[in-house]
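This report refers to the structure that appears directly beneath it.
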Amino acid sequence: MWTADKVQRLFLSAEQLGAFLKAAAAAGNKRQAFGKLQSSMSGSAPYRIWKRFQNAQTSIRAALSTICPPPKLDGAQPGDSPTASTLSHLDKAFDGHELNPIAAFQATLQTFFI
């Protein structure tokens, strides 16, 4: 049985993945962001996970657009990158949902996040 709080082929929960992506996007340091999770995964794991997320962004944004329009970003803040935009859209789409945004994405759309 598959549950929404797990991410396909990844030994992190949806909550841990969300924390990693937000921290990595904000700080720009994937290894440091991943270290905060205290995972036993290899040192190359944050880069592989980040690449999976980068490759999935188009699909993620297309799916999120069926739920709500993307948030308006003015591009003035340093965090207004495509990654930050995707994460903001995810948060907006599932604001107030009982699950964290990644788990809510998977449960609502019945598809894997990455």
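The values are calculated or read from the model by the stated rules, or taken from the named source; none is laboratory data. Source: prediction; values computed, not measured. The accessibility values were calculated without ligands, DNA or RNA, using every heavy atom of the protein model including side chains. Shrake-Rupley method; radii C 1.70, N 1.55, O 1.52, S 1.80 Å.
Out of the residues in the stretch 56-71 meeting the condition of being in a helix (DSSP H, G or I) and of a type in the set (S, T, N, Q), tell me which one is least open to solvent (accessible area, probe 1.4 Å).
As a first pass, look at the stretch 56-71 and keep what is in a helix (DSSP H, G or I): 56-65.
Subsequent filtering for residues that are of a type in the set (S, T, N, Q) retains 57-59, 65.
Working: Gln57: 20, Thr58: 110, Ser59: 83, Ser65: 68 Å².
Here the residue is Gln57.
Got a sec? Which of Phe53, Phe34, Phe112 is in a loop (DSSP other than H, G, I, E, B) and of a type in the set (Phe, Trp, Tyr)?
Numbers: Phe53 fails: in a loop (DSSP other than H, G, I, E, B); Phe34 fails: in a loop (DSSP other than H, G, I, E, B).
Of the residues listed, the single one that is in a loop (DSSP other than H, G, I, E, B) and of a type in the set (Phe, Trp, Tyr) is Phe112.
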